[in-house]
Amino acid sequence: SLLKKFVQARRTYEEEDVDEAMKQCLLLLEEPDLDTGVRSGDIYGFMVEHYASAGDFQKAYHLVQELKQRLPNASLAYYVNNTVLEQIKRNVGLDEHTIGDAETPGIEEEIEEDIPEDF
């Protein structure tokens, strides 16, 4: 099943075969019935957090953009830690005025939506 494949990719990652784990995730994202077995957002979140922790913020940002295109109504913070999103934003040179096109808002808009007003 697709869920088993994702679990296997995570195990492969934990066994420190990172390249193979990322390949497995990319293959999963190409599966036509992916979201019936495992949520694509979870796979993207896993990959985004990996690339951010490895310091490849451009790749992480690219995957965030793909995630937003694939799931335009989803909250990014549901799949990727807000701290990681902030790191990506800082390291790719986005500022508070940077937003994506009308269909894919910038990371900062997603983050601000998830912060309670009384915080």
Turns out the helices (runs of 4 or more DSSP H) fully within the range 64-119 with at least 3 residues that are at negative phi and at pLDDT below 50 are 107-113
When every residue in the range 9-22 that is over 15 Å from Glu49 (Cα atoms) and assigned to a helix (DSSP H, G or I) is compared, the one least open to solvent (accessible area, probe 1.4 Å) is Thr12
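If you check Phe6 against the conditions, is it part of a helix (DSSP H, G or I), in contact with an Asp or Glu (Cβ under 8 Å, 6 or more places away or on another chain) and open to solvent by 10 Å² or more (accessible area, probe 1.4 Å)?
Working: part of a helix (DSSP H, G or I): yes; in contact with an Asp or Glu (Cβ under 8 Å, 6 or more places away or on another chain): yes; open to solvent by 10 Å² or more (accessible area, probe 1.4 Å): yes.
The answer is yes for Phe6.
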Here the residues within the range 29-50 that are open to solvent by less than 40 Å² (accessible area, probe 1.4 Å) and either under 22 Å from Arg90 (Cβ atoms) or not small (Gly, Ala, Ser) (or both) are Leu29, Leu34, Val38, Ile43, Tyr44, Gly45, Phe46, Met47, Val48, His50
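The values are calculated or read from the model by the stated rules, or taken from the named source; none is laboratory data. Everything numeric in this text was worked out from a predicted model, so none of it was measured. All Cβ positions, glycine included, derive from the backbone under ideal geometry; neighbour counts span all protein chains shown. What goes into the accessible areas is simple: the full protein's heavy atoms, side chains included, and nothing from ligands, DNA or RNA. Shrake-Rupley method; radii C 1.70, N 1.55, O 1.52, S 1.80 Å.
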